[in-house]
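Here's the structure we're looking at; comments come further down.
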Amino acid sequence: MSTIATQHELINVQALRVGMFVHLDGGWMSHPFPLSHFRIISDDQIATIRSLGLKQVRWDPSESQLPAANEDSATPAVDAGGRSAGPAAPAADAAVPPPPEPTDAASLRRAALARQHEALRLCERQFAEAGRELKLTNEMVNGKPRAAREQAEALSTALVSKMVGAQDLCVQLLSDHAGDKASMHALNVTIISLLMGRSFGLPAEDMLDLGVGAMLHDIGKAELPERLRQFDERLSPSELNVYQEHVAHGLTHGRRMGLTPGAIQVIAQHHEHADGSGFPHGVSTERMSAMARIVALVNRYDNLCNPKLSAHALTPHEALAMLFAQDRTRVDTSILGAFIKMMGVYPPGSTVQLTDDRYAMVMSVNASRPIKPNVLVHDVGVPREEALVLSLEAEPSVGIRRSIKPMQLPPAALEYLSPRHRVAYFFEPARGAEAPG
């Protein structure tokens with residue numbers, strides 16, 4: 001038996017207590033929590049777990065923080081059948097009072113830094129969990145197409161449900177190691193497309209179709225030789241024809257899976273252009289669904305940021321500028337305008353020079369207030385691991401002067417900011433501006 005297995009014990013959901021670290025085995029899509037494993041912090045969370053219809057859950061005593069006077073009262077008894085004996089509720093006088101709020105500048109800075117690091121870790125864990133679910137979906141497409149559809153629909157529903165908890169959302173840049181690279185493109189396109197759909201106020205059924213279509217838009221590429229699965233301008237005419245066939249392969253898979261017409265249309269049209277210059281049928285805006293127009297734009301953006309060869313990658317700002325300057329006839333201008341409004345002129349991952357001449361990298365953007373993003377600033381007086389992400393909204397005297405390519409950064413700023421080789425995004429509730437340290 002593995003170490004993990006020996007640490008996890010089964011407990012009846014009626015015996016759950018605040019402070020227990022639990023693991024929900026149904027998967028990320030079967031519950032409304034941000035993660036499938038977490039420490040319970042409120043009675044409301046316990047009520048939600050009980051409402052899921054589970055009889056028992058796994059919990060980890062070593063990761064739990066139960067407010068109790070001694071170990072005996074803190075640890076529920078679990079019999080050989082995995083049934084909890086139902087521990088007595090911790091005594092009121094055993095509760096540990098919360099630590100006092102910090103007041104000095106150094107403590108405030110440390111607290112703000114801890115909040116930022118934990119928020120980023122949460123986004124990365126959520127991205128990784130969603131990536132694992134998407135990988136499982138892809139693995140089932142050939143052998144279990146109907147089960148793959150159910151998995152895709154459940155993941156789309158879960159992502160949408162996790163977006164509705166907050167009025168304002170931030171688009172957060174993740175680190176290079178977040179999630180599974182094989183699923184990163186599809187997940188990036190899905191997350192940004194759903195945020196776009198949310199901004200347009202799409203109804204629930206359209207959001208579901210948008211999510212499913214976005215995550216499966218490239219499913220037909222599995223039928224292509226690996227070297228032809230990403231577009232390359234050096235492809236010969238015959239190779240280009242093979243590459244373009246991934247749309248037809250995707251439609252075949254989609255029909256076998258029993259996808260809805262809305263999701264099928266996203267797969268069919270994700271390479272079509274507003275001016276009719278796309279493939280496979282050269283349809284224009286009037287014949288494209290709104291969902292397909294969203295995915296076509298976001299797919300193009302992510303391919304510019306994350307091409308097959310990283311040396312050809314554009315910064316997020318450069319990708320946005322190319323869409324605006326060179327691709328305006330190929331994309332729906334109303335959707336492009338909404339995309340810029342949501343992501344900002346300098347999307348997360350852009351390296352910039354500020355108006356006070358310092359260099360910075362955009363880390364997150366409040367989707368409802370994108371003009372003043374949150375940035376990591378190169379500061380020679382602060383170690384990289386202690387650098388706060390600052391909100392330019394809280395710095396009215398400082399703005400962004402210009403975008404700059406990573407290789408144009410001074411060597412010290414390049415090492416400090418560590419621009420991402422691959423750009424990945426997730427979302428989180430917008431937080432109030434942190435105090436600059």
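May I ask you to verify whether LEU122 is touching a residue at least 12 places away in the same chain (Cβ under 8 Å) and within 15 Å of the chain's Cα centre (by Cα)? Yes, satisfied. Of all residues in the range 251-276, exactly one satisfies the criterion of being surrounded by fewer than 17 Cβ atoms within 10 Å (Cβ to Cβ), in contact (Cβ under 8 Å) with a residue 60 or more places away in the chain and closer than 11 Å to ILE219 by Cβ, namely ARG256. For the range 178-192, the criterion of being farther than 25 Å from HIS317 by Cα and modelled with pLDDT of 90 or more is met by none of the residues.
Of ALA248, ALA321, all but one fail to be of a type outside the set (Lys, Arg), under 27 Å from LYS405 (Cβ atoms), surrounded by fewer than 17 Cβ atoms within 10 Å (Cβ to Cβ) and assigned by TED's automatic domain parsing to the domain that holds ARG198; the exception is ALA321. Per the conditions (1) touching a Pro at 6+ places or on another chain (Cβ under 9 Å); (2) in the same structural domain as MET291 (by TED's automatic domain parsing), the sole criterion not satisfied by LEU336 is (1).
The helices (runs of 4 or more DSSP H) located wholly in the range 1-82 that include 1 or more residues which are at pLDDT 65 or above and loosely packed, with under 12 Cβ neighbours inside 10 Å occupy 43-51. Within this structure, TYR346 fails the test of being buried (at least 21 other Cβ atoms within 10 Å of the Cβ) and either of a type outside the set (Ser, Thr, Tyr) or over 29 Å from GLY213 (Cβ atoms) (or both). Residue pairs whose Cβ atoms lie under 6 Å apart, separated by 6 or more positions or on different chains, with the first residue in the range 205-229 and among the charged types (D, E, K, R) and the second outside any helix (DSSP H, G or I), are ASP209/THR260; LYS221/ARG229. For the range 312-333, a residue qualifies if it is at pLDDT below 90 and among the charged types (D, E, K, R), and the qualifying residues are ASP327, ARG328.
Where helices (runs of 4 or more DSSP H) sit wholly within the range 146-264, those with at least 2 residues that are among the aliphatic types (A, V, I, L, M) and out of contact with any Leu (no Cβ under 6 Å at 6 or more places or on another chain) occupy 181-200, 204-215, 246-257.
The values are calculated or read from the model by the stated rules, or taken from the named source; none is laboratory data. These numbers were taken from a predicted model, which means no experiment stands behind them. Every residue, glycine among them, receives a Cβ derived from its backbone with ideal geometry; neighbour counts consider all protein chains shown.
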